[in-house]
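The values are calculated or read from the model by the stated rules, or taken from the named source; none is laboratory data. Just so it is clear, the structure is predicted and the values come from calculations on it, not from any experiment. Cβ placement follows ideal geometry from the backbone for every residue including glycine, while neighbour counts extend to all protein chains displayed.
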Amino acid sequence: MTAAPIPATRAGRPRRVVERGRRRSTLLTIIVWITLIYFLVPLLWLFVSATKDNSDLFTSFGLWFGRSFQFFANIGNLFTFQNGVFAQWLANTVLYAVVSAVGAAALATACGYALAKYRFRGQGLVFGVILGSIMVPLTALAIPTYLLFAAANLTDSVWAIILPSFVSPFGVYLMRVYAADSVDDSLIEAARIDGAGEFRIFGTIALRLLAPGIVTVLLFQLVATWNNYFLPLIMLNTPTLFPVTVGLAQWQATASAGGGAQVLFSTVLTGSFVSVIPLIVAFLFLQRYWQSGLATGGVKG
Amino acid sequence: MKFRKTALALASGATVLALLSGCAGTSATTDSTKPVTQAEIDKAMNTPTTLTFWTWVPDIQNEVNLFEKKYPKIKVKVVNTTGGAQHYPKLRAALKAGKGVPDVAQMEYDYIPSFTQTKSLLNLEPYGAGKLKSEYVDWVWNQVANSSGVWGIPQDSGPLGTLYRDDIFTQAGLHGSPATWDDFAKAAAEVKSKTGAYITDLPGNDMFQMISFFWQAGAKPFSYDGKKTVGVDLDSATDQKVVAYWQDLIDKNLVATDPDFTDAYYQGLAQNKYASWLVAAWGPVFLQGTVKSTSGKWRAGNIPQWTAGANVSGNWGGSSDAVMAATKNPIAAYELAKFINNDESSTLMLANKQFLFPTTKATLSDPAFVDQKSEFYGGQQVNKFFAGVSNTVDKKFEWLPYMDYVNSSYTSTLGKAIANHGDLKAALAAWQQQVVNYGKQQGFTVK
Amino acid sequence: MTVLSARAHSARASGASARGPRGSRHITGAQTRAAWVLTAPFLVVFAAMFLAPLAYSAYLSLFTSQLVGGEEFSGLANYVRALQDPSFWSGLGRVALFLFIQVPIMLVASICFALALDSKRVKGGRVARLLIFIPYAVPSVVATLMWGYLYGTDFGLITQIFHAVGLPAPDLLSPQNILGSTMNIVCWEFIGYNMIILYAALRSVPDDVYEAAEIDGAGQIRIAWSIKLPAIRQAILLTIIFSIIGSFQLFNEPNLLYNIAPNAVGTDFTPNLYAYNLAFKNQDINYAAAIAFLLGIVIMIVSFVVQTAINRRERQS
């Protein structure tokens, strides 16, 4: 890919010289806020549903509360059902997501930086293979992956989820672009002349400059692992190791399984509602970082 | 061999090597036919052992606790596997990897042949299972046993009946559930014109309901000799009669064709869209949980008959606990499977707490089970009713060793025709053809 | 074991390149060594977690297996079979249709939102931006579950609303509509995500470019069309490529919709779903691997063609 003709500015730098914000367009405002309904109605429905019992769920209007307000009862059920395994699932999800995100960001940062700032044999091939890997449909290769993991005694363990999540080809791509843009070659040269070793340059100078990019990779891998369904589904058997996605899907299946089933629709919906909150909060609080990190990754290619 | 080496080099890792060597030693050779002695059993049950048990029965830990109390040396690790959709793929993956295979696994009757075909199940006959035959309902026992052995201990079953809305039926001028299929068709027209409801729903996604109708009509669509020969007779005269019957009701718009067990389906039940459900003995508990608002309005009746005056039912669902051939503790594993599904207190608990419809004659006549009155069914003794139905199920019914394929093929042939109101007869023939072709392609001799 | 052997391998490789440095700048052995040490951790995990399963799948795809008789080497037979398999082609056709309809709709919507928000003419733009982005944080499992309820044939929210205003409700789960319903779920999940990438790109275009145009009297739409969009075309290309990959690999949404609309979705709705069902339900891992590889090849070809076409047009203009 070619670089954009207009050089990207360093992320986060204020750029508006003239305050254009005062000229609002009512029409545009109305259009944007009306389309917002589309994005919010499903979530509103989810919240309203989390306040209903099974019976109300199937008999009352979807966007308004039912005959009784069962939200707290549902939350109670959610966290006590099957000895409170849901709390365990939440904890697992946090563990998997955080460890994977940190690991993936660390690996991607080191690799992306090296690809951007050094010239070495096989560099093009390495980058090409990493990028090409994005195109391989992994779900279809699930069973071979499972068999290899089983051979290495990794199935049904925490590692079966965390180790594969350390690989973020997109993260490497993003960090390479980001490093090329935000770590100046002259800065590195100056450090070398001062006698700093390569790793010291990376550890002290580069890392600080790369911070917004690192946060971006961290957050996106956090989301990817948090939302991951397929990998844990095939790798894990022990319910106490499940992340929330697999656990909820299991409850949903139990709700419509064969003999001896239990009816869990409202519990599943309440669980779904609870499970999306942490990520939304994380994105809201960390938006300054990930938006600036993305800016560079998107413009330069 | 040479090729294998190249592939290994390509894979660039020692894991592949470990895998290939790991795979070599998986096929189990535990097929001794010598009966196990009491001394061996006592020794095994007094040796500290941990068993892994895969099942999707909720709260089965309670029954397992009874087992562990009786055999304190044996610890059981219960793994709840979600149910069929994940249970079998996971089991097969574990078998293929040769690692993580449980000792005991829940197994639906129709899945047993696909696991005996791969020699993955332990023959329980030498462990004493043969002696249990007389304690189970005949047709149920035939589901787990064949001439070459006993492959599981029956856990629950699903004799077919009719659950109907007494209020809607009364409004339509009907008294009780229709006795014959002809009556049922007439009733369908009455219900539709007087109440606006469909008499029932015929889902296009539920092969096992359709097969239970075939079963009830006396068809024998599948056979398997346990080795390489299968028989496929889906396009038989009997099955054609059954689909022609439903074609008529679909064409007249007297039955709904929504997928079952979805939230929309329960909403349909709650909102009077369907006036009855042709369902197995495990159906009553489903309704109690999902459509509480209709409590007291439901009744249970017989499945309609093809011949007036006859009393024949079919089966829909049900499962056993099987012991995997790979187990290192066959005796303890067998004792667990047996205890859960044979011990009086355990089977009664399964029946009354988890609502699994029983398979033992003892529980089916136990007053603590059959004498219960259900408010939801207007005080009717639903258990007693279905216990009676269980004795009318046609005794011999076999499955193919590849029901997974038969099922997905159904969804794209007959099931699709039902959902889209198409030509059921042609779809039945297409289903037959696909199932035959697949059998041949997989190396079976198809009769 | 894997880790050790791969590390040994990379050590050898770095030794080799250290002996023969090249490039115009003076590159020391220390730098080459540093480059390999920094890339090694990723590459090791990448090889173990990604390349090894890939190679193993490639190996498996060269065998055919039967329930009776087991596995035997059959060369490219699985690939030949796949190329003649109507299920593979119909799935591929469906994702191609998805690509041609859903991706343009989604990206145009993303671009419009990004431009609208970047223009600073929307009140509460900051909040709006975040709200549009929120669906990305919802797992596809939950998103599909939710939309499945909303689509519900008789009692879903959409049907309820249609009935409330006295209109006949469309059956969103029918075979004719299910592809559109899937497109809608994917749009809902990813409009915000793409919007954020494009918005971030717009933000880093210097303001003076617009101001000059504004002084020249150009309208907002004209500025958006002839200045802003060209300026972020690399970001647009990026979102296009990712959307192409995403479309071809469509799996989670149809797999979960299968539970509520089994006859409409079927087992071969998308090639990825087909491969999954082959592997997990029919136990035909070998054939599934061949399908997966063919799909990967198709994705690479399409991505390459699109990228070349866009870049060529850029050079021409």
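Within the stretch B:165-184, residues that are within 15 Å of B:GLY196 (Cα to Cα) and aliphatic (A, V, I, L, M) sit with their Cβ atoms under 7 Å from residues that are surrounded by fewer than 16 Cβ atoms within 10 Å (Cβ to Cβ) and modelled with pLDDT of 95 or more, at 6+ positions apart or across chains, in these pairs: B:ALA172/B:LYS194. For the stretch C:110-123, check the following and say yes or no: at least one residue is acidic (Asp, Glu) and within 14 Å of chain B (Cβ to nearest Cβ). No, the stretch C:110-123 contains no residue that is acidic (Asp, Glu) and within 14 Å of chain B (Cβ to nearest Cβ). Scanning the stretch B:102-119 for residues that are part of a loop (DSSP other than H, G, I, E, B) and surrounded by fewer than 22 Cβ atoms within 10 Å (Cβ to Cβ) turns up B:THR118, B:LYS119. Per the listing A:LEU163, A:LEU131, A:LEU125, the residue uniquely aliphatic (A, V, I, L, M) and modelled with pLDDT under 90 is A:LEU131. What's the number of the only condition in (1) closer than 30 Å to A:ALA253 by Cβ; (2) facing chain A (nearest Cβ under 9 Å); (3) of a type in the set (A, V, I, L, M, F, W, C); (4) assigned to a helix (DSSP H, G or I) that C:PHE155 fails to meet? Looking at each condition in turn, C:PHE155 falls short on (4). Among all positions in the stretch B:130-141, there is at least one residue which is surrounded by 20 or more Cβ atoms within 10 Å (Cβ to Cβ), part of a strand (DSSP E or B), away from every other protein chain (no Cβ under 14 Å) and in contact (Cβ under 8 Å) with a residue 60 or more places away in the chain. Residues that are within 13 Å of chain B (Cβ to nearest Cβ) and in contact with a helix residue (DSSP H, G or I) (Cβ under 9 Å, 6 or more places away or on another chain) do not occur anywhere in the stretch A:186-206. Apart from one condition, B:TYR405 fits all of (1) free of Cβ contacts under 8 Å to residues at least 40 places away in the same chain; (2) away from every other protein chain (no Cβ under 13 Å); the exception is (2). At least 3 residues being of a type outside the set (Gly, Ala, Ser) and more than 14 Å from chain C (Cβ to nearest Cβ) is the threshold, and among the helices (runs of 4 or more DSSP H) wholly inside the stretch A:60-157 those reaching it are A:71-117. Check whether at least one residue in the stretch B:48-67 is exposed (fewer than 12 other Cβ atoms within 10 Å of the Cβ), of a type outside the set (S, T, N, Q) and at pLDDT 95 or above, and report yes or no. Yes, some residue in the stretch B:48-67 is exposed (fewer than 12 other Cβ atoms within 10 Å of the Cβ), of a type outside the set (S, T, N, Q) and at pLDDT 95 or above.
Given the structure, is A:THR35 over 24 Å from the mean Cα position of the chain (by Cα) and of a type in the set (Val, Ile, Thr)? Yes. With the structure loaded, tell me whether B:GLY283 is small (Gly, Ala, Ser), more than 19 Å from the chain's Cα centre (by Cα) and within 14 Å of chain A (Cβ to nearest Cβ) or whether it fails that test. No, not satisfied.
If I ask for residues that are in a helix (DSSP H, G or I), within 27 Å of the chain's Cα centre (by Cα) and free of Cβ contacts under 8 Å to residues at least 60 places away in the same chain, which ones from the stretch C:57-106 would you list?
Correct list: C:TYR59, C:VAL80, C:PRO86, C:TRP89, C:GLY93, C:ALA96, C:PHE100, C:PRO104.
Checking each residue in the stretch C:35-53 for being small (Gly, Ala, Ser) and surrounded by 23 or more Cβ atoms within 10 Å (Cβ to Cβ) picks out C:ALA35, C:ALA47, C:ALA48, C:ALA52.
Run down B:LEU364, B:LEU350 and say which single residue is surrounded by 22 or more Cβ atoms within 10 Å (Cβ to Cβ), touching a residue at least 60 places away in the same chain (Cβ under 8 Å), out of contact with any strand residue (DSSP E or B) (no Cβ under 8 Å at 6 or more places or on another chain) and among the aliphatic types (A, V, I, L, M). Answer to the selection: B:LEU364. Of the listed requirements (1) part of a helix (DSSP H, G or I); (2) crowded, with 20+ Cβ neighbours inside 10 Å, A:ASN237 misses just one: (1). Listed by position, the helices (runs of 4 or more DSSP H) contained in the stretch B:283-372 that have at least 2 residues being closer than 13 Å to B:GLU63 by Cβ are B:330-342, B:344-352. If you go through the stretch A:111-137 and keep only what is in contact (Cβ under 8 Å) with a residue 12 or more places away in the chain and either under 25 Å from the mean Cα position of the chain (by Cα) or not assigned by TED's automatic domain parsing to the domain that holds A:ARG192 (or both), you end up with A:CYS111, A:GLY112, A:TYR113, A:LEU115, A:ALA116, A:PHE127, A:ILE130, A:LEU131, A:SER133, A:ILE134. The set of residues from the stretch B:225-263 being modelled with pLDDT of 95 or more, out of contact with any Lys or Arg (no Cβ under 8 Å at 6 or more places or on another chain) and not in a loop (DSSP other than H, G, I, E, B) comprises B:ALA237, B:THR238, B:ASP239, B:LYS241, B:VAL242, B:TYR245, B:TRP246, B:ASP248, B:LEU249, B:ILE250, B:ASP251. Where the second residue is of a type in the set (D, E, K, R) and at pLDDT 95 or above and the first is closer than 18 Å to C:GLY70 by Cα and lies in the stretch B:110-123, which pairs have Cβ atoms under 8 Å and are six or more apart or on separate chains? Matching pairs, first to second residue: B:PRO113/B:GLU398.
Using beta carbons and a limit of 9 Å, which pairs, at least six apart or on different chains, have the first residue in the stretch C:171-197 and under 19 Å from A:LEU43 (Cα atoms) and more than 9 Å from chain A (Cβ to nearest Cβ) and the second one outside any helix (DSSP H, G or I) and aromatic (Phe, Trp, Tyr)? That search, which allows pairs on different chains as well, returns C:THR182/C:PHE269. So how many residues does the stretch C:183-214 have that are among the hydroxyl-bearing types (Ser, Thr, Tyr), in a helix (DSSP H, G or I) and crowded, with 23+ Cβ neighbours inside 10 Å? Here the count works out to 1. Scanning the stretch B:134-143 turns up no residue that is in contact with a helix residue (DSSP H, G or I) (Cβ under 6 Å, 6 or more places away or on another chain) and within 30 Å of B:TYR274 (Cα to Cα). Within the stretch B:10-28, identify whether any single residue is at pLDDT 80 or above, surrounded by fewer than 20 Cβ atoms within 10 Å (Cβ to Cβ), in a loop (DSSP other than H, G, I, E, B) and over 32 Å from the mean Cα position of the chain (by Cα), and answer yes or no. No, the stretch B:10-28 contains no residue that is at pLDDT 80 or above, surrounded by fewer than 20 Cβ atoms within 10 Å (Cβ to Cβ), in a loop (DSSP other than H, G, I, E, B) and over 32 Å from the mean Cα position of the chain (by Cα).
Looking only at the stretch C:137-147, how many residues end up being touching a residue at least 12 places away in the same chain (Cβ under 8 Å) and either surrounded by fewer than 19 Cβ atoms within 10 Å (Cβ to Cβ) or facing another protein chain (nearest Cβ under 8 Å) (or both)?
So the answer is 6.
B:LEU174 meets each of the listed conditions (1) buried (at least 20 other Cβ atoms within 10 Å of the Cβ); (2) within 30 Å of B:GLN432 (Cα to Cα); (3) of a type outside the set (D, E, K, R) apart from (2).
Selection of the stretch C:284-317 for residues being among the polar types (S, T, N, Q), surrounded by 15 or more Cβ atoms within 10 Å (Cβ to Cβ), more than 9 Å from chain A (Cβ to nearest Cβ) and more than 24 Å from C:GLU72 (Cα to Cα) yields an empty set.
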